[in-house]
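Colleague: The structure follows.
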Amino acid sequence: MRYVSTRGTAPTLDFAGATLAGLAADGGLYVPESWPTLSDEQIAALAGKSYAETAATVMAPFVAGSLSEDELRALCDTAYGRFAHDAVTPLVQLDHDQWLLELFHGPTLAFKDVALQLLGLLFERFLTGTTEHLTIIGATSGDTGSAAIDAVAGRAGIDIFMLHPEGRVSEVQRRQMTTVGAPNVHNIAIRGDFDTAQALVKAMFNDAAFAGRFRLSAVNSINWARLMAQVVYYFYAAVRLGAPARAVAFSVPTGNFGDVFAGYVAARMGLPVAKLVVATNVNDILARALTTGDYSSREVVPTATPSMDIQVSSNFERLLYDLGGRDGGALATQMRGFEAERAMRLSNAQREGAAGLFVGERVDPDGMALAMRHACERAGQVIDPHTAIALAAARRHLAPDVPMMTLATAHPAKFGDAVERATGVRPSLPARVGDLFEREERCVTLDATYAAVSAHVAAHAVPRG
Ligand SMILES: Cc1ncc(COP(=O)(O)O)c(C=O)c1O
Ligand SMILES: N[C@@H](CCOP(=O)(O)O)C(=O)O
């Protein structure tokens with residue numbers, strides 16, 4: 001499979017190249033040249049397969065030319081062997097036709113592990129036999145950071161620099177990042193919000209001199225491999241609830257539009273998806289864009305769902321590209337307009353294309369708390385606040401005979417205070433996270449300026465050989 005940039009001018013790459021590059025050189029995001037499809041028979045045949053087998057089948061067309069089927073299967077066995085549940089992403093029934101798709105059974109208790117456990121192995125595989133040293137730069141509102149650090153800590157040939165907004169991640173999230181002692185892990189708290197951290201990361205990629213000195217790569221969902229791995233659980237869950245004979249719906253708590261874009265990819269590949277509910281908190285740029293066509297960024301409001309406190313959603317660009325006829329030149333102009341104005345309008349084609357599958361929903365703090373209480377009292381499920389946002393949104397879009405799956409993106413113990421406030425129940429941390437509160441923290445705090453952050457990275461990164 002070849003990968004093209006959404007902005008049309010970066011070199012076309014194979015899967016290995018796109019994985020190592022992260023962001024395209026023209027500032028765009030890599031997407032497959034075309035969407036592979038699975039026939040109904042191929043989808044039906046997934047019903048008897050394990051998670052790792054499903055992953056190898058669904059991802060095979062995307063990695064063709066860079067990995068053999070046997071290599072991919074071995075990587076999936078290793079990546080998904082580290083999960084605490086044998087089903088990797090189990091379904092839990094909430095109601096007659098409502099389900100939770102639990103994505104938090106990986107090492108760091110969030111859905112990010114599903115993709116990042118694999119991505120760590122892919123980096124290692126693609127660096128083997130080269131003398132390259134990878135400098136990973138990433139931004140996190142909490143969960144990507146810990147999952148990425150777990151995936152690459154201690155790996156040879158890689159350093160990771162992870163930016164998080166100071167004081168705006170939960171204590172568990174922060175400690176999961178800052179207590180990792182491996183010397184290749186560099187935590188940076190910035191005095192700013194997540195959007196600023198994400199913009200600083202993109203600026204380092206887009207600085208030709210800087211990108212020329214270091215072999216930069218990405219672990220955020222700007223890296224195509226992240227999304228590819230997330231497509232798998234949409235298939236895995238849907239076939240268990242009757243696909244392809246029966247259409248299914250998903251509600252996804254959304255920030256950077258990565259997870260829900262993976263659902264869109266599953267639909268493009270042939271999975272019968274009736275609806276994708278794009279659930280946001282009060283930082284609702286995506287809900288507004290999908291309901292009114294107005295994609296305009298406002299001040300970020302800190303909430304009890306910090307991982308979704310985002311007003312610039314990186315992966316929306318991938319959707320706009322696909323729905324806008326894959327015209328890289330036109331998309332580049334549209335995105336440059338957004339970058340200058342922090343606002344843009346979707347074209348008619350983009351709005352109408354999105355309306356066929358997506359529905360945007362904004363959920364306020366009361367709706368979130370109510371959903372947590374409802375899940376606890378009616379189904380005995382303690383859910384995290386991000387999942388609660390999606391559950392509240394899901395309940396507005398139930399349809400007869402269409403199972404609705406709410407993606408449970410984090411373990412409730414990562415956000416224990418908010419869960420306890422809403423439900424009176426204090427979830428305990430699973431033993432697999434270890435002695436998080438006893439370990440020493442390592443992190444520098446920097447002003448949210450390009451000069452400060454790029455100088456820090458440059459001082460600690462290994463230049464190209
Ligand atoms: C727990 C949780 N839920 C939801 C999201 C939003 O996912 P995405 O950014 O892929 O839309 C995140 C962050 O990515 C998260 O950490
Ligand atoms: N909520 C995210 C923000 C980064 O998103 P990503 O999916 O692009 O890595 C986080 O947990 O850091």
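Colleague: Given Cβ point charges of +1 (Lys, Arg) and -1 (Asp, Glu) and nothing else, what value in debye, to the nearest 20, does the dipole of the range 274-415 about its Cα centre take?
Modeller: 140 debye
Colleague: Using only alpha carbon pairs under 8 Å that are at least six residues apart, calculate the relative contact order of the range 157-219 and give it in whole percent.
Modeller: Rounded, it is 37 percent for the range 157-219.
Colleague: Further, regarding this structure: For the range 217-308, what relative contact order do you get, as a whole percent, if you take Cα pairs closer than 8 Å and at least 6 residues apart?
Modeller: Normalised by residue count, the contact order of the range 217-308 is 25 percent.
Colleague: Amide H of Arg2 versus every other amide H placed in the peptide plane: which residues, excluding those fewer than 5 positions away on the same chain, fall under 5 Å?
Modeller: Answer set, sorted by chain and number: Glu33.
Colleague: So between Asp447 and Glu377, what do we pick up on full extension, going 0.36 nm a residue minus the alpha carbon distance?
Modeller: Working it through step by step, the gained length comes to 20.8 nm.
Colleague: Still on this model: Can you give the accessible area of His411, probe radius 1.4 Å, in Å² rounded to 10?
Modeller: The accessible area comes out at roughly 30 Å².
Colleague: With +1 on the Cβ of every Lys and Arg and -1 on the Cβ of every Asp and Glu, and nothing else charged, how large is the dipole of the chain about its Cα centre, in debye rounded to the nearest 20? Numbers along the way, then the final one.
Modeller: Working: 40 positive and 49 negative charges, 63 e Å.
Computed charge dipole of the chain: roughly 300 debye.
Colleague: Can you work out the Karplus-derived ³J(HN,Hα) for every residue in the range 305-312? Use 6.51 cos²θ - 1.76 cosθ + 1.60 with θ = phi - 60°, whole Hz, and x for glycine or proline.
Modeller: Values per residue, Gly and Pro as x: 10, x, 5, 10, 7, 9, 10, 9 Hz.
Colleague: Quick check: pseudo-label points 7 Å beyond the Cα along Cα→Cβ at His460 and Arg351, how many nm apart are they?
Modeller: Placing both labels 7 Å beyond Cα along the Cβ direction yields 4.6 nm.
Colleague: Collect residues whose amide H, placed 1.01 Å from N in the peptide plane, falls under 5 Å from the amide H of Ala408; neighbours closer than 5 in sequence don't count.
Modeller: Counting only residues 5 or more places away or on other chains, the set is Leu101, Glu102, Leu103.
Colleague: Report, in whole Å, the centroid distance computed from the Cα atoms of the range 1-55 and the range 366-416.
Modeller: Spelled out, the Cα-based centre of one part sits 30 Å from the other.
Colleague: Let me ask another. Any idea what the alpha-carbon Rg over 2.2 N^0.38 Å comes to for the range 242-304?
Modeller: Ratio of Cα Rg to 2.2 N^0.38 Å: 1.29.
Colleague: According to a simple spin-label model (label point 7 Å from Cα along Cα-to-Cβ), what is the distance in nm between Arg2 and Arg426?
Modeller: 5.9 nm
Colleague: Search the structure for amide H atoms under 5 Å from the amide H of Ala10, placed 1.01 Å from N in the peptide plane, and list their residues when 5 or more places away or on another chain.
Modeller: Distant-sequence amide H within range of Ala10: Ser5, Asp26.
Colleague: Before I look further, what does the chain give for accessible area per residue, probe 1.4 Å, in whole square angstrom?
Modeller: Roughly 35 Å² per residue, with all protein chains present.
Colleague: Here is a further query. Would you kindly derive the ³J(HN,Hα) couplings of the range 248-254 from the backbone phi angles with the Karplus curve 6.51 cos²θ - 1.76 cosθ + 1.60 (θ = phi - 60°), listing them in order in whole Hz, with x for Gly and Pro?
Modeller: 10, 10, 10, 10, 10, x, 10
Colleague: Please turn the phi angles of the range 210-221 into ³J(HN,Hα) values with the Karplus equation 6.51 cos²θ - 1.76 cosθ + 1.60 (θ = phi - 60°), one per residue in order, whole Hz, x for glycine and proline.
Modeller: 5, 5, x, 7, 10, 8, 7, 8, 10, 10, 6, 6
Colleague: When only alpha-carbon atoms count, how far does the chain stretch along each of its three principal axes, as whole angstroms with the largest first?
Modeller: Principal axes ranked by extent give 59, 48, 47 Å for the Cα atoms.
Colleague: Report, in order of residue number, the helices in the chain meeting two criteria: a C-alpha extent of 27 Å or more along the helix axis, and a mean Kyte-Doolittle hydropathy of at least 1.0; treat each whole DSSP H run as one helix.
Modeller: Correct list, ordered by number: empty.
Colleague: Under the classification rounded if a/c is under 1.5, otherwise prolate if a/b is larger than b/c and oblate if not, where does the range 372-465 fall, given a ≥ b ≥ c as square roots of the Cα gyration tensor eigenvalues?
Modeller: It is prolate, given that a/c is not under 1.5 and a/b is the larger ratio.
Colleague: Still on this structure, I have one more. Working out 0.36 nm times the residue gap between Ala87 and Asp417, then minus their Cα-Cα distance, what length gain in nm do you get to one decimal? Each step should come with its number before you reach the end.
Modeller: Details: separation 330, 0.36 × 330 = 118.80 nm, distance 2.86 nm.
Extra length from Ala87 to Asp417 when fully extended: 115.9 nm.
Colleague: As a test of understanding, state the convex hull volume per residue of the range 295-345 from its alpha carbons, in Å³.
Modeller: Working: hull volume 3.8 nm³, N = 51.
Value for the range 295-345: 75 Å³ per residue.
The values are calculated or read from the model by the stated rules, or taken from the named source; none is laboratory data. None of the values given here were measured: they were computed from a predicted structure. Note: ideal-geometry Cβ built from the backbone for every residue, glycine included; neighbour counts use all protein chains shown. These accessible areas exclude ligands, DNA and RNA; they are computed on the full protein's heavy atoms, side chains included. Shrake-Rupley method; radii C 1.70, N 1.55, O 1.52, S 1.80 Å.
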